[in-house]
1. Which residue is surrounded by the most Cβ atoms within 10 Å (Cβ to Cβ), if the candidates are limited to the range 278-314 and must be assigned to a helix (DSSP H, G or I) and modelled with pLDDT under 90?
2. What tally of residues in the range 156-180 results from selecting those that are in contact with a Lys or Arg (Cβ under 8 Å, 6 or more places away or on another chain) and under 17 Å from TYR215 (Cα atoms)?
3. Note down all Cβ pairs under 6 Å where the first residue falls in the range 204-218 and is more than 18 Å from GLY193 (Cβ to Cβ), the second is open to solvent by less than 50 Å² (accessible area, probe 1.4 Å), and they're at least six residues apart or on different chains.
4. Take the conditions assigned to a helix (DSSP H, G or I), β-branched (Val, Ile, Thr), at pLDDT below 95 and open to solvent by less than 20 Å² (accessible area, probe 1.4 Å) and apply them to ILE317. Does it pass?
5. Looking at the range 179-192, I want the residues that are open to solvent by 30 Å² or more (accessible area, probe 1.4 Å) and have a partner that is part of a strand (DSSP E or B) with Cβ atoms under 7 Å, at least 6 apart or on another chain. Which pairs are those?
6. Quickly run through the range 95-107 and pick out the residues that are touching a residue at least 24 places away in the same chain (Cβ under 8 Å), open to solvent by 20 Å² or more (accessible area, probe 1.4 Å) and within 27 Å of GLU226 (Cβ to Cβ).
7. Of all residues in the range 193-221, how many are crowded, with 18+ Cβ neighbours inside 10 Å, farther than 26 Å from GLY260 by Cα and either modelled with pLDDT under 95 or of a type in the set (A, V, I, L, M, F, W, C) (or both)?
8. Looking at (1) without any contact (Cβ under 8 Å) to a residue 12 or more places away in the chain; (2) within 21 Å of the chain's Cα centre (by Cα), find the lone condition where ASN286 falls short.
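The values are calculated or read from the model by the stated rules, or taken from the named source; none is laboratory data. Since the model is a prediction, treat every value here as computed from it, not as a measurement. Quick reminder, even Gly has a Cβ in these numbers, built from the backbone with ideal geometry, and neighbours come from all protein chains shown. Only protein heavy atoms, including side chains, enter the accessible area calculation; ligands, DNA and RNA are left aside. Shrake-Rupley method; radii C 1.70, N 1.55, O 1.52, S 1.80 Å.
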Amino acid sequence: MKILKLAFLNKYQGKVNRGAETFVKEVSLRLSRKYQVDVISDINSLDLFKEKYDLIIPTNGRFQAVLTRIITWLRGAKMIVSGQSGMGWDDKVNLYSFPNYFVPISSEALNWARKVNPFVKSVYIPNGVDTKKFKPDGEKINTELRKPIILCVGALTKTKRIDLVIKAISKLEDASLLVVGVGPEKEQLQILGTRLLDTRFKIMNFPYEKMPEVYRAADIFTLVSEPYYSFENVLVEAMATNIPVVANNDPIRKEIVGDGGILVNPTDLVEYSEAIKKVLNISWGNKQSLAKSGFCKPREQAEKFDWDRIASEYEKIIRSL
């Protein structure tokens, strides 16, 4: 029997660690158990044409998807596009390139995709988390911050709204805030955090391999990015470590967080800070207590997004093609 030959295209693979890069790494690894899989970051269209791939999965959108579609038409191959960009022009172009399947990573994006191009088969498959790597047991980093520690992980950019996190936590008397990330807003956030939280605040950065240890050092996790972000893997990574989440209240975050945390309007700093205080006062390890209060163990919610499950959903699509 012929072994199918697959290619994942991502020009940023191995250079940054965002959701799209994690998706390519985790799904390609699992699919390689049954198929021949290449992950290509140095993308050459002529090589794609010569290699005779059965299926190509571009992730950078727009021109890459259009060119890949032309190559697959000429070669008699198939194309799947995973909607890592979220609802916007990138995925509009992806949809109008008429892939064999378009895979939005939220139900909200699925409804949007079906309106944008109803002639393309669209199937919702979210991003995921490695629950064997991100788990409650194991080593923890030493932050030298006093407990309880609130963790926020994300790019230090305006759209991640980390300034709101700092302002909300400044309304709590005892909690410390650890921000993990890099970006152009670092200096401004450092000034704001030092002014409002003093020694209760740190900005740090760690390699991706150390992140399970970072999550384990925290008591709760919060991130309140602009609502257009398509998934945000850090939410499920935190929950897989059994860390409860406080996130912004929008349909995408609601689907991810479920009963593993609280959703808020982060621009209302009183509501936001009260939600953090409430989460800190809940015993997230007591299943019966959680059930009475309408919550679940965060890890139980995260297990719905295990990469093994996600990869098996992609395999179903591949088999159907």
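1. First pass over the range 278-314, keeping only residues assigned to a helix (DSSP H, G or I): 278-280, 287-293, 298-305, 307-314.
Then drop every residue that is not modelled with pLDDT under 90, which leaves 287-293.
Details: LYS287: 13, GLN288: 8, SER289: 12, LEU290: 20, ALA291: 12, LYS292: 9, SER293: 13.
This residue is LEU290.
2. Qualifying residue count, the range 156-180: 5.
3. Here the result reads PRO212/PHE134; GLU213/ILE141; TYR215/ALA238; TYR215/THR241; TYR215/ILE243; ARG216/THR241, each pair linking the range 204-218 to a residue that is open to solvent by less than 50 Å² (accessible area, probe 1.4 Å).
4. Details: assigned to a helix (DSSP H, G or I): yes; β-branched (Val, Ile, Thr): yes; at pLDDT below 95: no; open to solvent by less than 20 Å² (accessible area, probe 1.4 Å): yes.
Answer is no for this residue.
5. Partner pairs satisfying both residue conditions: LYS186/ILE203; GLN190/ILE203.
6. SER107
7. Going residue by residue through the range 193-221, those that are crowded, with 18+ Cβ neighbours inside 10 Å are 193, 197, 200-203, 211-212, 214-218, 220-221.
After this cut, where a residue has to be farther than 26 Å from GLY260 by Cα as well, the list is 193, 197.
Still in the running and either modelled with pLDDT under 95 or of a type in the set (A, V, I, L, M, F, W, C) (or both): 197.
Counting residues in the range 193-221 that are crowded, with 18+ Cβ neighbours inside 10 Å, farther than 26 Å from GLY260 by Cα and either modelled with pLDDT under 95 or of a type in the set (A, V, I, L, M, F, W, C) (or both) gives 1.
8. (2)
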